[in-house]
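The values are calculated or read from the model by the stated rules, or taken from the named source; none is laboratory data. What you see is a predicted model, and the numbers here were worked out from it, not measured in a lab. Neighbour counts are summed over all protein chains in view; Cβ atoms, including those assigned to glycine, are modelled from backbone coordinates with ideal geometry.
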Amino acid sequence: MLIFSDKNVFSSDCSNCNYLSYTIINTVESMNVFCFFKPLDKRASHLYFFAMLFIKRSNFDQLLESLTGDYRVYVPRLMGDGTGYSLLGESDTNYEIGKIRSFDPLKSFYFLGREKVAEDFKPDIPRDDKPPCIVGAKACDLKGFKVLDFVFIDDEFGDPTYMKARKEGLIISADCTGVGETCFCTAIGIDPWPDSEFDINLSPVDDGFIVTTGSDKGRDLVESNWKLFVEEDDAQANAVKQNRDTVKSDVMKRAQEKRIPVADRLKRLIDKQYESEIWKDVSEDCVECGACNTICPTCHCFLLYDQKSDGKLARFRIWDSCMIHDFARVAGGENPRDRLWMRLRNRFDKKFNYFPEVLNEIGCTGCGRCVAACPGKIDIREVLARLEV
Ligand code: SF4
Ligand code: SF4
C-alpha cells in the first residue's frame, strides 16, 4: 500500500490492530502516526489516500442497503443489451455495475426533466427529498459535470436543486467493462474509467469490486464500514489493469474506424468549416425531435412556463432543445437561427468551439447516446470526420 503526502511517499504496516489497519508515518509534518481507519490525528486530511481495497459483492449489497436510509439510491439495471437507472428497493440485489454507461444520462438526477421552481411567486419550494446516490456512474457521464457545474453552480444565480444534489449526493462510480456500439470517449481524451468526480469508484473483479476513494465523503464511507472491506491482492490488481487496457484499446479501435479527428483539432475544424455546406447536407436527415439534446449528459438548456398547480399559480422548468425551431426566437418574432442547418451547426459549435473557449473543456464526452437516439441516423462521429475533409 502506498500513501502519498504532498511531499513524500510512505509505505508501512500497523501492528496496533488486527484487521485492515495501516499506519501512515508522516515524517514531513510532525512524526505523528495515523491509522487510516482510526485517525489518531485529524491532520491526516492533508494526506491523499490511494490504497486499494476489495469488497465482496454480498458486502456491497449490504453497504448499498445501509445507504438507503440517507439517500435515494439509484442503480443501473439490465434493460435489453444495456442498462437503465431505477431506485434500489429493500433487499434488492438485482443491479449491474459494469458494462457501459446507462441509457439515461446522469443529469436526470441533478437537473430534472420537469421541475416546479416557484409557487405563488415564491421561489422557496419545500423539498424534503433525500439526496441522490448514483451507483455505477461511468467516466463519460462524470466528465459531463464539468459543463453542468459551470452552468448551474454560482453563488448568486446558481440552481438550488442542482447545487443541493451535487453537494449532498453521493457518487459510486465504476469502470466500464464493455464497449458500446456508439462509444468514442477516448477520441475526446477520456479514459473508460473514472479519474475524478466520484466519492468511491468500483473496478469489477471476480465476486466483487476493487474500491478507490475519491473524496472525503468516500473515505468517510469506507472508514465507517471498514469491516466490509479487505485489502486487494495482486491478482485483483492485475485483473483491473487488464480490463482497463482491453476496454480502452477497444474504444480506441472503434473511434479510429470512424476516423474521428483528434480532440485538440476539433475547435479549429469547427471554425474552418463554419460556412461549409456540410451543415445543410447533414440537416436534411434531421426531423427536429430534440432527442440528441435531451439524451446528452452535457446539454443543459431549459424553458420556463407558468401553469396552475394544486389551485396555485406555479412556474415550471423543463428541458429544452436548441434543435427546435423556436428555441432562439425573441420577442417580436425574430429568430436568429430560423433554418434547421443553422441550429445543427450551433449544436456542434457549442460543444466543440464555445465550451473549449470558455471552459477549456469539450462539451461532448463521447458517450454516443445521441447517435443511438437519433431517428434520422445522424452520427456525430461521422459529422466530425467530415469536418476533416
Ligand atoms: S453530443 Fe452525443 S456523444 Fe457527445 S456527450 Fe452529448 S450525447 Fe454523448
Ligand atoms: S436526434 Fe437527430 S433528428 Fe432529432 S433533433 Fe437531433 S439530429 Fe435532429
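Observations on the structure shown:
- Residue check for E65: outside any helix (DSSP H, G or I), touching a Ser or Thr at 6+ places or on another chain (Cβ under 8 Å), assigned by TED's automatic domain parsing to the domain that holds E181 and in contact (Cβ under 8 Å) with a residue 12 or more places away in the chain: no
- Test: R339 is within 16 Å of ligand 2 (Cβ to nearest atom) and under 20 Å from A263 (Cβ atoms): no
- Selection within the range 327-343 - surrounded by fewer than 12 Cβ atoms within 10 Å (Cβ to Cβ) and of a type in the set (D, E): E334
- Consider the range 365-374 and keep the residues that are more than 16 Å from D149 (Cβ to Cβ) and buried (at least 24 other Cβ atoms within 10 Å of the Cβ). The one that is farthest from ligand 2 (Cβ to nearest atom) is G366.
The rows are residues; the columns are (1) closer than 24 Å to Q236 by Cβ; (2) among the basic types (K, R); (3) free of Cβ contacts under 8 Å to residues at least 60 places away in the same chain; (4) buried (at least 24 other Cβ atoms within 10 Å of the Cβ).
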{"position": "G178", "(1), (2), (3), (4)": "yes, no, no, no"}
{"position": "E181", "(1), (2), (3), (4)": "no, no, no, no"}
{"position": "F184", "(1), (2), (3), (4)": "no, no, no, yes"}
{"position": "G189", "(1), (2), (3), (4)": "no, no, no, no"}
{"position": "D195", "(1), (2), (3), (4)": "yes, no, yes, no"}
{"position": "N201", "(1), (2), (3), (4)": "yes, no, yes, yes"}
{"position": "P204", "(1), (2), (3), (4)": "yes, no, no, no"}
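- Flag: T182 matches the condition of being within 16 Å of ligand 2 (Cβ to nearest atom), more than 15 Å from the chain's Cα centre (by Cα) and not hydrophobic (A, V, I, L, M, F, W, C).
- Taken over the range 213-238, the residue count meeting the criterion of being at pLDDT 95 or above, loosely packed, with under 15 Cβ neighbours inside 10 Å and either β-branched (V, I, T) or under 17 Å from S58 (Cα atoms) (or both) is 1.
- Selection from the range 68-83 of residues that are in contact (Cβ under 8 Å) with a residue 40 or more places away in the chain and out of contact with any helix residue (DSSP H, G or I) (no Cβ under 8 Å at 6 or more places or on another chain): D70, Y71, R72, P76, G82, T83
- Within the range 323-336, residues that are away from ligand 2 (no atom under 14 Å from the Cβ) reach partners that are assigned to a loop (DSSP other than H, G, I, E, B) and of a type in the set (S, T, N, Q) with beta carbons closer than 9 Å, at six or more positions or on different chains, in the pairs A328/N335; R329/N335.
- Here G169 passes the criteria (1) under 14 Å from the mean Cα position of the chain (by Cα); (2) surrounded by fewer than 16 Cβ atoms within 10 Å (Cβ to Cβ) except the one numbered (2).
- Within the set E361, E357, the sole residue that is at pLDDT 95 or above, more than 12 Å from ligand 1 (Cβ to nearest atom) and touching a Lys or Arg at 6+ places or on another chain (Cβ under 9 Å) turns out to be E357.
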